[in-house]
C-alpha cells in the first residue's frame, strides 16, 4: 500500500535533474530529521527547568529519534532504496556509454531503459528499440548490465520492438535422486498435466513443445533420461487410461525396447512396442488415428483455439522412437523398403506438425542428431531438446538450431548433466540441467516404480 502511495519512476533516460527522490536526498533527509530531533532534545535539557515536564519531553524526542531510525530501516524504505539503486546505476551506465545526444548543452535524444524489481529481487530491464544509432549496443547490453548491477544474467529475450534482460541470483540446480520407494504419486500430484519437471528449478510445458529430442553418446545417461520421460508419461495416465496410447520403438532393440516390453506386460495393449520398420509404420498409423479422433472431439467444443490441455479431458499420448537411423537401415534399398521408409517419415512429420493441439507428443532420441540419424525436416520440428554430455560445435548447431549459441554453458563429466532448451523458457540459449536419476537396478524395481506412480482412476 505504501509503495502505491509513493510512485517512483522506473524509466531511465538521460536528462537534467531527472528525479526528485534520489539516494542522496533520502540519506540527507534521514540525517537532517535525526539532527533536528536531536537538537530539540538537547534544547529541552537546557530550556525546561521543570524537571518532570523536561523528562516527558526528553522521552518524547528520544522516542521520536527511535521511530525515525526504525522507519528508515523498514522494509518500505529498503524497497525504495533498491529502486533508487537500480535507477541511478542504470542512469550512470547510460552516461558512461554515451547513449544520448547533445546539442547546445541540451540532451536532444537518449536511450530509454524501463525496469522492474520482481518479488524474488530479480531485475527486469526492458529496452525499447527505436531504430536509432544506439540499436547495436542496446541489443547487446548484457555485458554492461551485469557489472553495473552486480547480478548475473538469467535470460535475454529479443522482440522486434524491444529486448528484455533478466538479471538476478538463480537458485542452484539440484538433481532429483529417487528410487523404487521414493518415486510415488505424491511426487507428481502437484505438477499440472502439461508440465514436465527436470530439476528443482527447471520445467517445461508440453503445450508449447509437441516434440522432444533426447541426444547423447553412450554412457552420458540417455537411457536414464528416456526412463524419466517415460515415468512422466505414465504418471500423467498415458498407457493406463482407456483412451490413451503409448508407443515405444527402439531401432536397435536395446534398452528402450526392453523397458517397453516390461510396460506392455504390465499395462496391456495400450502400450505398443516394436523395433522394426513395419512396427513403427503400424504404431505411427495408429497414433495418427487417435490424434484425428481427438481433433473431432476438440472441433465439437465451443472454445476457440482450444487444445487437449485447455479442455482438461484428454490425457497426453506419447510415441517414443529411439535410433530412427537403424529403422531406415532396416528398410533397405528395395522399392518396397523405400516406400515403407517414406510412409514412416510422412507419419512422423504429420504427428510432429499437428500433434500439439491433440496432446499427442513425439519423442525422438539418438546418439548423434545428424541428418542421417534424424532427417532435417523432422529435426527442425523439435522444440524441446535435451543433449547429454558435451557436444561438439557441429552437433551443437544441429541440435539447437533455434538458439543463438553465443554463450553456451559447458557440460561437466557429471552423469546426467545436459544442455536443455524448450520453447517458453526465458532464454535464447541452451541452459544447464541435470536429469533426474531414478535408481532401479532390476525389473522388479522398475515395475514397482510404475505401479507407484500410476494415477488412480
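For the range 443-452, the criterion of a residue being in a loop (DSSP other than H, G, I, E, B) and in the same structural domain as residue 188 (by TED's automatic domain parsing) is satisfied by no position. (1) buried (at least 16 other Cβ atoms within 10 Å of the Cβ); (2) under 30 Å from residue 448 (Cα atoms); (3) at pLDDT below 90: which one isn't true of residue 307, the others all being true? Every listed condition holds for residue 307 apart from (2).
Screening the range 419-448 for residues that are crowded, with 19+ Cβ neighbours inside 10 Å and in contact with a helix residue (DSSP H, G or I) (Cβ under 7 Å, 6 or more places away or on another chain) and picking the one that is farthest from residue 388 (Cα to Cα) gives 446. Would the range 354-374 turn up any residue that is more than 29 Å from residue 139 (Cβ to Cβ) and without any contact (Cβ under 8 Å) to a residue 40 or more places away in the chain? Scanning the range 354-374, I find at least one residue that is more than 29 Å from residue 139 (Cβ to Cβ) and without any contact (Cβ under 8 Å) to a residue 40 or more places away in the chain, so the answer is yes.
For the condition in contact with a strand residue (DSSP E or B) (Cβ under 9 Å, 6 or more places away or on another chain) and free of Cβ contacts under 8 Å to residues at least 24 places away in the same chain, residue 116 does not qualify. Helices (runs of 4 or more DSSP H) fully within the range 1-105 that include at least 3 residues being modelled with pLDDT under 75 and within 19 Å of residue 116 (Cβ to Cβ): 2-5.
Check every one of the strands (runs of 3 or more DSSP E) wholly within the range 132-195 and list those with 1 or more residues that are more than 29 Å from residue 310 (Cβ to Cβ) and free of Cβ contacts under 8 Å to residues at least 60 places away in the same chain.
Values: elements: 153-158, 162-167, 177-179.
By residue number, 153-158, 162-167.
For (1) part of a helix (DSSP H, G or I); (2) surrounded by fewer than 20 Cβ atoms within 10 Å (Cβ to Cβ); (3) out of contact with any strand residue (DSSP E or B) (no Cβ under 7 Å at 6 or more places or on another chain), each residue gets a yes or a no:
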| position | (1), (2), (3) |
| --- | --- |
| 217 | no, yes, yes |
| 238 | no, no, no |
| 242 | no, yes, yes |
| 247 | no, no, no |
| 257 | yes, yes, no |
| 263 | yes, no, no |
| 273 | no, no, no |
| 281 | yes, no, yes |
| 285 | yes, yes, yes |
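Tell me yes or no: at least one residue of the range 391-398 is in the same structural domain as residue 270 (by TED's automatic domain parsing) and in contact with a helix residue (DSSP H, G or I) (Cβ under 9 Å, 6 or more places away or on another chain). Give the derivation first.
Taking the range 391-398 and keeping what is in the same structural domain as residue 270 (by TED's automatic domain parsing), we get 391-398.
Retained after the next criterion (residues that are in contact with a helix residue (DSSP H, G or I) (Cβ under 9 Å, 6 or more places away or on another chain)): 391, 398.
Yes, some residue in the range 391-398 is in the same structural domain as residue 270 (by TED's automatic domain parsing) and in contact with a helix residue (DSSP H, G or I) (Cβ under 9 Å, 6 or more places away or on another chain).
Of the helices (runs of 4 or more DSSP H) lying entirely inside the range 332-427, those containing at least 3 residues that are under 21 Å from residue 225 (Cα atoms) and within 24 Å of the chain's Cα centre (by Cα) are 393-399.
The values are calculated or read from the model by the stated rules, or taken from the named source; none is laboratory data. What you are looking at is a predicted structure, and each value in this text was computed from that prediction instead of being measured. Positions of Cβ are backbone-derived with ideal geometry, glycine not excepted, and every protein chain shown enters the neighbour counts.
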